[in-house]
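The values are calculated or read from the model by the stated rules, or taken from the named source; none is laboratory data. What you see is a predicted model; the values in this text were computed from it and never measured. Cβ coordinates were reconstructed from backbone atoms using ideal geometry, including for glycine residues, and neighbour counts include every protein chain displayed.
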Amino acid sequence: MTEPPANPAPKALAEPVVRFDSVGMRYGRGPEILRDITFDLPRGSFQFLTGPSGAGKTTLLRLIYMARKPSRGLISHFGGDSASLSRRELPHVRRRIGMVFQDFRMLSHLNVFENVALPLRVAGRKRAEYAEDVAELISWVGLGDKMDAQPATLSGGEQQRVAIARAIVGQPELLVADEPTGNVDPAMGRRLLRLFTELNKLGTTVLIATHDITLVRALDVPILTLADGRLSVKGTRAA
Ligand SMILES: Nc1ncnc2c1ncn2[C@@H]1O[C@H](COP(=O)(O)OP(=O)(O)OP(=O)(O)O)[C@@H](O)[C@H]1O
C-alpha cells in the first residue's frame, strides 16, 4: 500500500481559487468572444492578463466575478461549481472577491471614506474597529485630503484609486482588477503595484488585466494572453 504524504495539503489550500473548464462566452446572438478557455488561478498566485483591445479581457473578468454566466463550459470558485450557486449564495461567494471595475462603480451618495469602508460595513464590522485602517489605506493611495469628498468631484485617476482601496480593504481571497493603473501617472502606477504585491504576500490571489507593458515587465509572474478568443500562458516576462 502506498504511504500517504507526511503533510497532505488541506483540500481548501490545494484547490485553485478559480477554475475555467472549456468555457465559451458570447453576448446574445453575437460571435463567440471567448472560446474553450481552460485555466486555473492557483491559490496565492499573481498573474497578469493581457491582449489587444476587444480581445475579451473584461468579459473574462466579468465571468470570474460572476457578473455574467458563460455560454458554455464550467467555472468553479473556491472549489464549488458556480452554476449551482443559488441567488442567496452568490453574494457570499462574491464577497470573497475584490473587484476593480474599469468604470470604477463608485456609489455617488457616499463620500470617499464611506465608499472604501463599504465592504467592511457590509461584512458587519464596526466603524470604530476599521476607521483607522481605512484612513491609512486612503492616505496610502494619495487621497488623504479627500476622505470627505463626493465621487463626482474626483478625477478619473482619483476615482480609480478609491475603487482599488475599496476592493482590497477587506483583504479578499481574490483580487481581480481591470486596467487598475489606466488613469494614473507612472509613479502612482508603481505605488499601486506595490500595494497589489503586498496584498499578494498576505495570501490574496491577484489577477490584473492591463495594457500597461511597464506594469507587466515590473514583475516576474505568469502572463495570460487573450487573442482570437483563446488564452495562452507565458511562464514569466523572461519566457
Ligand atoms: N455587454 C456587451 N454586449 C455585447 N457585446 C459586448 C458587451 N461587452 C463587450 N462586448 C464585446 O465583446 C468583445 C470583448 O470586449 P471586452 O470589453 O471583454 O474586451 P477587452 O479585451 O476588455 O477590451 P479593452 O482592452 O478595450 O477594454 C468586444 O467585441 C465588445 O464589443
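Residues PRO172, PRO151: which one is touching a Lys or Arg at 6+ places or on another chain (Cβ under 7 Å) and at pLDDT 95 or above? Answer to the check: PRO172. Which residue out of ARG43, ARG121, ARG95, ARG68 is within 16 Å of the chain's Cα centre (by Cα), more than 16 Å from the ligand (Cβ to nearest atom) and either surrounded by fewer than 16 Cβ atoms within 10 Å (Cβ to Cβ) or among the aliphatic types (A, V, I, L, M) (or both)? Among ARG43, ARG121, ARG95, ARG68, only ARG95 is within 16 Å of the chain's Cα centre (by Cα), more than 16 Å from the ligand (Cβ to nearest atom) and either surrounded by fewer than 16 Cβ atoms within 10 Å (Cβ to Cβ) or among the aliphatic types (A, V, I, L, M) (or both). Only a single item in (1) in contact (Cβ under 8 Å) with a residue 24 or more places away in the chain; (2) within 15 Å of LEU226 (Cα to Cα); (3) in contact with a strand residue (DSSP E or B) (Cβ under 9 Å, 6 or more places away or on another chain) is not met by ARG62, and it is number (1).
Taking the residues in the range 177-234 that are assigned to a strand (DSSP E or B), modelled with pLDDT of 95 or more and more than 16 Å from the ligand (Cβ to nearest atom) as candidates, determine which candidate is nearest to the chain's Cα centre (by Cα). Filtering first and then ranking leaves VAL206. Of the helices (runs of 4 or more DSSP H) that lie entirely inside the range 72-152, those containing 2 or more residues that are of a type outside the set (A, V, I, L, M, F, W, C) and more than 16 Å from VAL162 (Cα to Cα) span 89-94, 127-140. Of all residues in the range 187-198, those satisfying the criterion of being buried (at least 16 other Cβ atoms within 10 Å of the Cβ) and either in contact with a strand residue (DSSP E or B) (Cβ under 6 Å, 6 or more places away or on another chain) or charged (D, E, K, R) (or both) are ARG191, PHE196. With respect to ASP40, determine if the residue is charged (D, E, K, R), part of a strand (DSSP E or B) and over 19 Å from ASP178 (Cα atoms). In short, no. The set of residues from the range 162-175 being within 14 Å of the chain's Cα centre (by Cα) and assigned to a helix (DSSP H, G or I) comprises ALA163, ILE164, ALA165, ARG166, ALA167, ILE168.
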